[in-house]
Amino acid sequence: MTGSGHRGQDPHSGERATDDDVQPNHGGHDTALVAVWPLLGLRLATARLELAVPTSADLADLFDAAAAIQPPGQARFQQSFLYASSPERERGLLQRHWRALAHWRPDSWDLHLAIRLDGTAIGVQSMWATDFAITRTVETGSWIGLAHQGRGYGTEARMAVLELAFTHLGAAEARTAYVAGNLASEAVSRKLGYQDNGHKVSAQDGERLVQHLMAIDAATWKRRSRGPVEVTGLTRCLDLFGVAAGS
Ligand SMILES: CC(C)(COP(=O)(O)OP(=O)(O)OC[C@H]1O[C@@H](n2cnc3c(N)ncnc32)[C@H](O)[C@@H]1OP(=O)(O)O)[C@@H](O)C(=O)NCCC(=O)NCCS
């Protein structure tokens, strides 16, 4: 199942028609690099946001956005480097970005996308999978700078990657987890139609961490009304996602 194969065919889909091969600019990525590593040319556009692999300029924006992500009184997000002091926080963010690219394999990938609002990166939306060609299952995680939280951007960014997963990559299921008490994260998942799917307990930074699991399947996603998501630059990336063109 490819982006081009589904253009305009699903009356319930929020996706816009796209021309996968037309990319007037690469959003700051070097054209020669995009030719070799086409993920750098992948773009998801919603009504208000653009999601793309971060450029150097995006990473600099993200240093600012990551300085404050935690609403008062809310449980902490899982990625502890985001709570470190500067410059460890920024270094952790860079390494998270580089690791996602450096460790990418078609059978184990991690799409780590900057969320841009009016050209400025305000947060990160990730989607990852192991053996996607077989499991057809993705997982997601995200953060948004505190100054931009509570305006629907987190929901819009998650919707964008779910649309990529279900409509363009042929996912069967998407999963997510929220730390007990992370009400905003839970609310985003419920708004998008996820259902409870158990919990897991682990140790993090010497503490007991309870994560509530949620899942949504392709049939549920297709039934739900959702906003427009324009996907460009995907066709050349399909093999990197472990998806054969036309499958
Ligand atoms: C989770 C996060 C990405 C959501 O982004 P966002 O842009 O704030 O999300 P949205 O505005 O789309 O939706 C947030 C929802 O949570 C609800 N919410 C926020 N705080 C809440 C609280 N304390 N109690 C109940 N609901 C709350 C909002 O009301 C909103 O729901 P609504 O639209 O039905 O009113 C963002 O809050 C964040 O970055 N948090 C810190 C990092 C984190 O926890 N990441 C998730 C880890 S899985």
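Computed from the coordinates by the stated procedures, all read-outs in this text should not be read as laboratory data. Small disclaimer: the values here were computed from a predicted structure and weren't measured. Quick reminder, even Gly has a Cβ in these numbers, built from the backbone with ideal geometry, and neighbours come from all protein chains shown.
As a rough footprinting exposure proxy, the listed residues I122, I134, I115 were ranked by other beta carbons within 10 Å of their own, and the order from fewest upward is I134, I122, I115. Under 5 Å from the amide H of A172 lie the amide H atoms of T137, each residue being 5 or more positions distant or on a separate chain, with H modelled from the backbone and absent for Pro and chain starts.
For segment 74-80, the Karplus equation 6.51 cos²θ - 1.76 cosθ + 1.60, evaluated at θ = phi - 60°, returns couplings of 9, 5, 6, 5, 5, 7, 5 Hz by residue, with Gly and Pro reported as x.
At 25 °C and 0.890 mPa s, what whole-number value in µm²/s does Stokes-Einstein give for the translational diffusion of the chain, with Rh from the Kirkwood sum over Cα pairs? In µm²/s, the coefficient rounds to 134. Residues whose amide H lies under 5 Å from that of H199, counting only those 5 or more places away or on a different chain, are L213; hydrogens are built 1.01 Å from N in the peptide plane. Residue-wise HN-Hα couplings along segment 177-182, as the Karplus relation 6.51 cos²θ - 1.76 cosθ + 1.60 with θ = phi - 60° gives them from phi, are 9, 10, 5, 3, x, 7 Hz; Gly and Pro carry x.
When only the Cβ of Lys, Arg, Asp and Glu is charged (+1, +1, -1, -1), the dipole of segment 47-225 relative to its Cα centre reaches about 360 debye.
Here H103, H29 are placed in order of increasing Cβ neighbour count within 10 Å, fewest first, which gives H103, H29. With the chain treated as a Gaussian network of Cα nodes joined by springs under 10 Å, which of L42, L213, L183 yields the largest mean-square fluctuation? Taking springs between Cα atoms under 10 Å, the residue moving most is L183. With Rh defined as the Kirkwood radius, the inverse of the mean 1/r over Cα pairs, the Rg/Rh of segment 66-176 is 0.97. For segment 109-126, the Karplus equation 6.51 cos²θ - 1.76 cosθ + 1.60, evaluated at θ = phi - 60°, returns couplings of 10, 9, 8, 10, 10, 6, 9, 9, 10, 6, x, 10, 6, 10, x, 10, 10, 10 Hz by residue, with Gly and Pro reported as x.
Magnitude of the charge dipole for segment 99-144, about its Cα centre and with charges confined to Cβ atoms of Lys, Arg (+1) and Asp, Glu (-1), is about 60 debye. Extension gain for the segment Q195 to L33, taken as residue separation times 0.36 nm less the Cα-Cα distance, is 54.4 nm to one decimal.
For the chain, the relative contact order is 30 percent, taking Cα pairs closer than 8 Å that sit 6 or more residues apart in sequence and dividing their mean separation by the residue count. For I69, the residues whose amide H sits under 5 Å from its own are L146, ignoring neighbours fewer than 5 places away on the same chain, with H placed 1.01 Å from N.
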